[in-house]
Every structure is written in C-alpha cells, then in structure tokens.
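There's a structure below that I have some questions on.
Just so it is clear, none of the values below were taken in a lab; they were calculated from the coordinates. Keep in mind that what you see is a predicted model, and the values were worked out from it rather than measured. Quick reminder, even Gly has a Cβ in these numbers, built from the backbone with ideal geometry, and neighbours come from all protein chains shown.
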Amino acid sequence: MRHTLAVLVENNPGVLARISGLFSRRAYNIHSLAVCQTENPSLSIMTIVVEGDSQVIEQVTKQLHKLVVVHKVTNLSNEAVVDRELALIRVKVKQETRLEILQTVDIFRGRVVDLGRSSLTIELTGDEDKIDAFVRTMKTYGILELVRTGRIAIARSES
Amino acid sequence: MGNVKQDLFVARDPEFTWEDEESLARCKSKYNGARALLDMLEKEGVELIFGYPGGVLLTLYDALLDSSIKHILPRHEQSAVHAADAYARVSGKVGVCLATSGPGAANMVTGIANAYMDSVPLVVLTGQVPTHLLGTDSFQEVDITGMTLPITKHSYLVKDANDIPRIVREAFYLASTGRPGPVLIDLPKDVMAAEVTSSCPEKVHLPSYKYFSKGNAGQIIEAAKAISMSKKPVVYAGGGVITSAAGLSLCQLIEKLNIPVVTTLMGIGSIPSTHPNLLGMVGMHGTVTANLAVNDCDLLIAVGVRFDDRVTSGLKHRFATKAKVIHIDIDPAEIGKVVRANIPIVGDARLVLEDLLPKVQVPETSAWWNQLRAWQQEYPLRYEQNGHLNPQMILEALGRIGGEQAVVTTDVGQHQMWAAQFYPVKVPRHFITSAGLGTMGFGFPAAIGAQFAKPDSLVFLVTGDGSFQMSIQELATTVQYSLPIKIILMNNGVLGMVRQLQKMFYNERFNQIQLHANPNFVKVAEAYGVKGLRVDKPEEVEPALIKAIDYPGPFLLDFAISPDEVVLPMVPSGKVITEVLGGED
C-alpha cells in the first residue's frame, strides 16, 4: 500500500541527502518526493509517498524520527487529506486533433500554457488518478514531454 | 627559494596562507576556531584525545600546545577511533578522536562504523580543506560527512567559526544521550583560523531531538503481569544494560524472581559470570542451554538488545516462537524492527527495571529450573584436553590469574568467541569487543584506549595472528606511552574462523586462510621494545602469564595453538538451535 508521509525537516544543506540516504540504505521504496520551504524559513516540508505494509511504514517513521534534522513525521494516509499533483505535458498536435485536445483539456480543467507549431503544453493539477487518466488520453495523440511534481498533501481542517 | 615556493601556492590558491611566522602569530593573537574548539572540549570534561595530525590541522595542533588536553598519537587513524571507542566503553565518558582531511578522515570510517554498530558515544573530529575549496576535488579532500551519513548519529560541517561552541555542545549531548553513538564534526582549515566572538550556549537547543528515559507506566504494569504469570521466563540482556548501568537492577530482578538470564556478546559483564542464574551467552556460539532456554521459553524479557542475526540466526519467524516478548529499549526504532514485541517499553533500561522491580510477583519457575539445570548438565561448555595448548585453557588460566578487575579487549575471530565463552567477566565495562561490525584490528588499539581509561588496571588484549597484524604498528604506541598491556596472541598460523567455516561447510576446500609469511612475533615485539615470549606447552601457560603480569611494561605472549581448534557449539547461520553443532556429549 502507498502511504503519504509529511516530514517536517530543518531547511539546511545536506538534509535531503540524510533523508534519501536513509530510504536507500534501508531499502524503502520512495514513490515520489516533493520538498519546499514552509511558512517558517528555517523549516522545510517533504511530502514522501512510500510503498510498504504497516510494519514497513512504522519502521520508516521511527527511523525518520531518529534523524536529528527531522522535527515531525505525519502519516497523512491515516487522515482526511487534500492531495494534489501538478503535471506539465507537451503533446503532439495536428490541425485535425487540435480541437479534440483542447476539449479534453477543458473537461479535465487543465490549461494550455504554451503553444508551438506542432505541439501544445498543458498544465494540469489534481490527484494522481486524474492526472493518470489525462496522461492516458493524451498518449493517443503522442506525448513529447512530461513532468510531474509528485504528490503534495495537507490534512483537512476540522469542520 | 622560499619566495618561489610561496608564489607557487599563491598561483594555485590566492587565499592560501603559508604557515610562516607572520601568519602563525596572526592566528595565535586572536581567539580562533581552534582555541574555541579546545576550550569547549575542556568544558565538556575531555582529558585526552586520540589523533593524528595533518596539513589542515596545523592551527589546531598549534593551539593544542597551550591546552590542558592530552593528545595521544596512535600509528593509524583507524586506531585513533578504536582507542577512543574503547576509552568510552571502559570509562563511560564520551571518547574523542581527531584526524586530518582526506585519507586521515577516510581511515576513520571503519572505526566510526564500529562505534555506531555497538552504540558507543564518540565525538569524531576531522580536518577539512578550506571552505572556498570545498567541492573542488582539492588536495586531501573527501566528503567525510557524506561518507559517514549512514554510520553517524549526526554530523556537522562547520562553515562559520562562531558556530563551534554550539556545535561542540550539541555533539557531546547527542553522542551521550538516548542511544549513544558517534557524532562527527568536520572542521575546514580556515574555520580553525577564523576569529570566534560567540560564547558557549547555556543550554542545548535541539527541538527535534527527543529521547525517552522513564518507561510508560501502563506498559510496565503489563510487563509485571506477564512476568508474574509466566512459567518459563528468560531475560535476554544486551549492551544496553551496560550502557545504562542497569546491571545491579537486573541482578535484583532475577534474584527476586529467580528467573534465568542469557546475555548477548555485548551484554557480557552485565551479570557476573559466576551468577547462578546466568545460562551464558546466547546465539551462534552461545551455550546450548542459553539457546534452548530462548527457544523454549514462554516469556522473553529482552533488555537493551536488538535481536541481532547472530542471536536469531536471521530467522525472526522461528525465534522464540513459544514466547510472549517484552522488549525494553531506549531506541523506539529497535522495537518491532526484527521481532514483534507484545509488550514494548521504550526507555532507559535501568529506570525501567527499577520501576518494574516492586511491581512483579515471583513466578512459579521450579519446573523450568529443573529443565534448565538438566540441560546444563547435559550440554556444558567444554573442550578436549588433549595435551596440546588449548585456547580455552589459556583463557581460563587468564581468568584465574588476571583477577576480577582486569580489562580484556578482543579482536575478531575464533579467539574472540573463545574469550566470550571461557573468560570469566565479573564486572561491566571490563570486556571490550567489536560485536556488531566484527572489526579485525580493533583489539589492540582498544587495549590502548582501555589502558588510558584505567591506567592502574591490568589490560589484556586477546587476539589472533590475523587480527593482530591489522594493528601491529600500535606496538610503538604502547612503548611510547609506557602502556603495560599484556598481549595474549593465539597464534595458529591461519585465519581460524574462516578456516573453520570452510572446514565445516565447504568440504575443507581451504582458500586464502594460510598466513604463510607470519613473522616471529616475539622478535617483532622486541624490535619495538616490547618484551615477548613464545609458549608451546600447556604447563608453560600459568608461569608465562604470571611472568607477563609481573613485568612492569607491555608484554607479548605468543601462544602456539593448533589450526584445528574450532569454536563450538555452533548454530550455523540460517539454522535453528535444535540444529546446533558440537553441543552433544
């Protein structure tokens, strides 16, 4: 099963190496990892999607806690969360497919952010499934380039 | 000529400061990083450091001349770490070692890994190239913080000299609290020379670092209930018992409840070897009774252990399968890492045991003891007295003659297992061995560190001819510092443990185990100024040991033992205890 961990860490050089090194040497599998500074400039938040059963996730969490640079580890899979990914996709486009593609982009609530002579660049946000579905659709037209941020997530506020 | 040389350096590196009198005077006059570092070490109570100088450390070595800290110069950087490691294990203080950048730092990697595996508190100081050269593959540069990430509890690369007081404070705090371990501080050359205006912080401020001392009260009550109701309990005690000084509490517990105890290699000394409740060491070369007890118990009380594969045979699902497991450890990540604990208690072993003691009822264990005593009768630790020099006999004699207060350090291999089995350790912190990493070459520098920690105690190094040659250069260190270490060399002319494995499991297809060109060790010792004596016959053992002990300086005893001696009993890796070799009568 995939788990989403929110790891609050110090915003220092070398911190990413400590975290990624821990995952590789203990053979935990990172599915995606997104890092950014928080509202407090001395802290960063890492959203790590990791594959494993509950025992593996328990070990991952405990091992992360042992690192001095780690302030907090939250398993967001146990909570109600909002999660998003951002994808930028460059798709081959021809005269006869242009309208079809634009309609699909509209259905998925994406945006065209760049236009070329034979390509379109589309920005799309959403959860993983939505982006996967969009990517599948675009494959029929031919994907030239694709970048995805990996999942970022935040717990829902108590109602 | 001097100018030409200077110009060459200037051409290569505009900020290079040539170590002339002028620049020396300049860095001496100000309160620089090197002096701040040494002042902080003094504040932390450091009396001696084991180190080896080099180019980037010149400012520090200059400042050392004016410090109260004593510097010990082993003959290899790896020895500096091992010596600091053993110093820490024997004294209970934080060990400090120092090496220069590049090869000096890289040579310490094995020693750091050794300390990390056995949870030894160390502060490791490494020199580094000046900050503006970092990352340029400059002369004697290695990324030592990067290289040691997986084997340090934490590490620092100091970029601002004003951070030194805070970092040193934090390093000692991190190394010595919670589960101890090595902390590395990498010190660029220019940082050592830069002026420091900051002062020592009042308190350590590490909001992300927490450790547990007291165990959870509810869990302790659960554990007490389980113990009181058990029929076949056994305590499995490890290095954590020694680290937390829980030996006395543990003795009180097992005596009050009359329950048996087994120890790991790291746990040797936590319970006196003569204690009637002690069943011996558990694991691959442990006693048959200890292993059968763990296999058959209904309650396993694990204290300060990590279920190492040398204990579980790497078979976590077939280990102590009939038992409920109480796991007491200060490191939450150890709980459930290998074996599922039914009652986990995160905390300091001593504090947990002290809380547990008044809450437990004496369980009914007489039938269990009858079984255990029967096994002890049936499967004692024994060896064949065949008229030759037996290693086991030497170790028993050493125990008789050496006295209770002697410190024994070992290297790694057959002699280490024989020492663990046959040398009677009565006191915690008196048996120092490389357990987790199994580092050949550890023993001799460890003996040096142990002797500095206990200058008035007898220190024995139990070693083999393979291991000893990995650190043989330290003979010079023992002479230089007049360390009266007694070297018990089990010389069989082979790498005995590997030979034993090739004999038992590879149809005697021996390969690369003959040490054909072994020197005459007595002559080597004499060349360094160490007394040496060859011992060939059993009747010579006691007189030789007495002679060595009575001699005021270092002494090497070269014991000629047979390459056919094997360590038994043995539970082969990947087998369960019922498949033990050499346990039967």
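Between A:Glu96 and B:Asp160, what FRET efficiency comes out of the Förster formula 1/(1 + (r/R0)^6) with R0 = 56 Å and r the beta carbon distance, rounded to 0.05?
E(calc), rounded to 0.05, equals 0.35.
If you plug each phi of the range B:325-335 into the Karplus form 6.51 cos²θ - 1.76 cosθ + 1.60 with θ = phi - 60°, what whole-Hz ³J(HN,Hα) values come out, in order, with x for Gly and Pro?
Going residue by residue, I get 10, 9, 10, 9, 7, 7, 9, x, 6, 6, 7 Hz, with x marking Gly and Pro.
May I pose another question? Excluding A:Gly21 itself, calculate the net charge of residues whose Cβ lies under 15 Å from the Cβ of A:Gly21, where each Lys or Arg counts +1 and each Asp or Glu counts -1.
Once positives and negatives cancel, what remains is +4.
Here is a further query. Given 10 °C and 1.306 mPa s, compute D for the range B:2-193 with the Stokes-Einstein relation, Rh being the Kirkwood radius over Cα pairs; round to the nearest whole µm²/s.
In µm²/s, the coefficient rounds to 96.
Also: Measure nothing fancy, just the Cα-based angle from helix B:541-550's long axis to the longest principal axis of chain B, in degrees from 0 to 90, nearest 10.
40 degrees
Just to confirm the filter: which trypsin sites (Lys or Arg not before Pro) across the range A:86-130 are DSSP coil and have at most 15 other Cβ within 10 angstrom of their Cβ?
For trypsin sites (Lys or Arg not before Pro) across the range A:86-130 that sit outside H, G, I, E and B with at most 15 neighbouring Cβ atoms in 10 Å, the list reads A:Lys94, A:Arg109, A:Arg117.
Give me the compactness ratio for the protein assembly as shown, meaning the Cα radius of gyration over 2.2 N^0.38 Å.
After normalising by residue count via 2.2 N^0.38 Å, the value is 1.10.
While we're looking at this one, here's another question. Convex hull over the Cα atoms of chain B, averaged projected area in nm²?
Average of the hull's projected areas for chain B equals 28.5 nm².
Can I ask one more? Show that you can apply the helix-only estimate: for chain B, add -39,500 (n - 2.57) for every DSSP H stretch of four or more residues, divide by all residues, and state [θ] at 222 nm to the nearest 500. Could the numbers behind the result be given before it?
On the way: 25 runs with 222 residues, N = 585.
Theoretical 222 nm ellipticity from helices: -10500 deg cm²/dmol.
Hey, which lysines would be in cross-link range of A:Lys130, C-alpha to C-alpha under 24 Å, not counting anything within fewer than 8 residues on its own chain?
Excluding near neighbours in sequence, the set is A:Lys92, A:Lys139.
Roughly speaking, what is the stretch gain from A:Gln37 to A:Ser24, that is 0.36 nm per residue apart minus the C-alpha to C-alpha distance, in nm to one decimal? Write down the numbers at each step before the final one.
Values: separation 13, 0.36 × 13 = 4.68 nm, distance 2.33 nm.
Contour length minus Cα-Cα distance gives 2.3 nm.
Give the relative contact order (percent, whole number) for the range A:82-155; include only Cα pairs under 8 Å separated by 6+ residues. Before the final figure, lay out the partial values.
Working: 120 pairs, mean separation 38.5, N = 74.
Computed value for the range A:82-155: 52 percent relative contact order.
Moving to a separate point now. Given 10 Å bins starting at zero, what is the percent of C-alpha pairs of the range A:2-78 in each, up to the one with the largest pair distance?
Going out from 0 Å in 10 Å bins, the range A:2-78 shows 20, 60, 20, 1 percent.
Is the shape of the range B:339-426 best called rounded, prolate or oblate, per the rule: a/c under 1.5 gives rounded, else a/b larger than b/c gives prolate, else oblate, with a ≥ b ≥ c the square roots of the Cα gyration tensor eigenvalues? Could the numbers behind the result be given before it?
Values: a/c = 2.42, a/b = 1.65, b/c = 1.47.
The shape class here is prolate.
Count the lysine pairs in the range B:2-193 whose Cα atoms lie under 25 Å apart, taking only pairs 8 or more positions apart in sequence or on different chains.
Close lysine pairs under the 25 Å cut-off: 20.
Could you give the distance between the Cα centres of the range B:225-243 and the range B:279-307, to the whole Å?
Using only Cα atoms to place each centre, the spacing works out to 10 Å.
Moving on. Hey, what do the phi angles of the range B:233-247 turn into as Karplus ³J(HN,Hα) couplings, whole Hz, using 6.51/-1.76/1.60 and θ = phi - 60°, x for Gly and Pro?
x, 8, 8, 10, 10, x, x, x, 5, 6, 4, 8, 6, 9, x
Provide B:Trp418, B:Trp375, B:Trp369 in ascending order of the number of other Cβ atoms located within 10 Å of each residue's Cβ, fewest first. Mind dumping the intermediate values first?
Values: B:Trp418 27, B:Trp375 20, B:Trp369 14.
By the 10 Å Cβ count, ascending: B:Trp369, B:Trp375, B:Trp418.
Which shape class applies to the range B:217-378: rounded if a/c is under 1.5, otherwise prolate when a/b exceeds b/c and oblate if not, where a ≥ b ≥ c are the square roots of the Cα gyration tensor eigenvalues?
Because its axes are fairly even, with a/c under 1.5, the range B:217-378 counts as rounded.
Additional query: At a 10 Å Cβ-Cβ cut-off, how would you order B:Asp163, B:Asp186, fewest neighbours first?
B:Asp163, B:Asp186
Can you pull out the GluC sites (Glu not before Pro) in the range B:540-585 that DSSP calls coil and that have at most 11 other Cβ atoms within 10 Å?
Details: sites: B:Glu540, B:Glu565, B:Glu579, B:Glu584; in loops: B:Glu565, B:Glu584.
Of the GluC sites (Glu not before Pro), the ones in loops of the range B:540-585 whose Cβ has at most 11 other Cβ atoms within 10 Å are B:Glu584.
³J(HN,Hα) across the range B:182-189 via Karplus (A = 6.51, B = -1.76, C = 1.60, θ = phi - 60°), whole Hz, x for Gly/Pro?
x, 10, 10, 10, 9, 10, x, 4
I've got another one for you. Looking at the range B:189-273, which chymotrypsin sites (Phe, Trp or Tyr not before Pro) are DSSP coil and have at most 16 other C-beta atoms within 10 Å of their C-beta?
Counting only loop positions with at most 16 other Cβ atoms within 10 Å, the chymotrypsin sites (Phe, Trp or Tyr not before Pro) in the range B:189-273 are B:Tyr211.
Moving on. Determine the relative contact order of the range B:434-585: mean sequence separation of Cα pairs under 8 Å and six or more apart, normalised by residue count, in whole percent.
RCO, the range B:434-585: 22 percent.
Let's test this: bin the Cα-Cα distances of chain A at 5 Å from zero up to the farthest pair and state each bin's percent.
Each 5 Å bin holds this share of Cα pairs: 2, 8, 16, 17, 14, 12, 11, 9, 6, 3, 1, 0.
Related question: Rounded, prolate or oblate: which fits the range A:82-155, taking a ≥ b ≥ c as square roots of the Cα gyration tensor eigenvalues, rounded meaning a/c under 1.5, else prolate when a/b beats b/c? Before the final figure, lay out the partial values.
Working: a/c = 2.26, a/b = 2.02, b/c = 1.12.
Prolate, since a/c reaches 1.5 and a/b exceeds b/c.
What does the charge add up to near B:Gly238, with Lys and Arg as +1, Asp and Glu as -1, over the other residues with Cβ less than 11 Å from its Cβ?
-3
Pull up all non-local amide H partners of A:Val81: gap of 5 or more, or a different chain, and H-to-H distance under 5 Å with H placed in the peptide plane.
For A:Val81, whose amide H was placed from the backbone, the distant partners under 5 Å are A:Arg156.
What relative contact order, as a whole-number percentage, does chain B give when Cα pairs under 8 Å and 6 or more residues apart are counted?
Numbers: 1262 pairs, mean separation 76.0, N = 585.
Normalised by residue count, the contact order of chain B is 13 percent.
Let me see the pair-distance distribution of the range B:107-243: every alpha carbon pair, 5 Å bin width, integer percents in order.
2, 9, 15, 16, 15, 13, 9, 6, 5, 4, 3, 2, 1, 0
Calculate, in whole percent, how much of the Cα-Cα pair population of the range B:391-560 lies beyond 26 Å.
For the range B:391-560, the share of Cα pairs beyond 26 Å comes to 22 percent.
Take B:Asp118, B:Asp536 and order them by how many other Cβ atoms sit within 10 Å, fewest up front.
Values: B:Asp118 23, B:Asp536 11.
Neighbour counts put them in this order, fewest first: B:Asp536, B:Asp118.
Amide H neighbours of A:Ser119 under 5 Å, at least 5 residues apart or on other chains, H built in the peptide plane: list them.
Amide H neighbours of A:Ser119, under 5 Å, 5+ apart: A:Val93.
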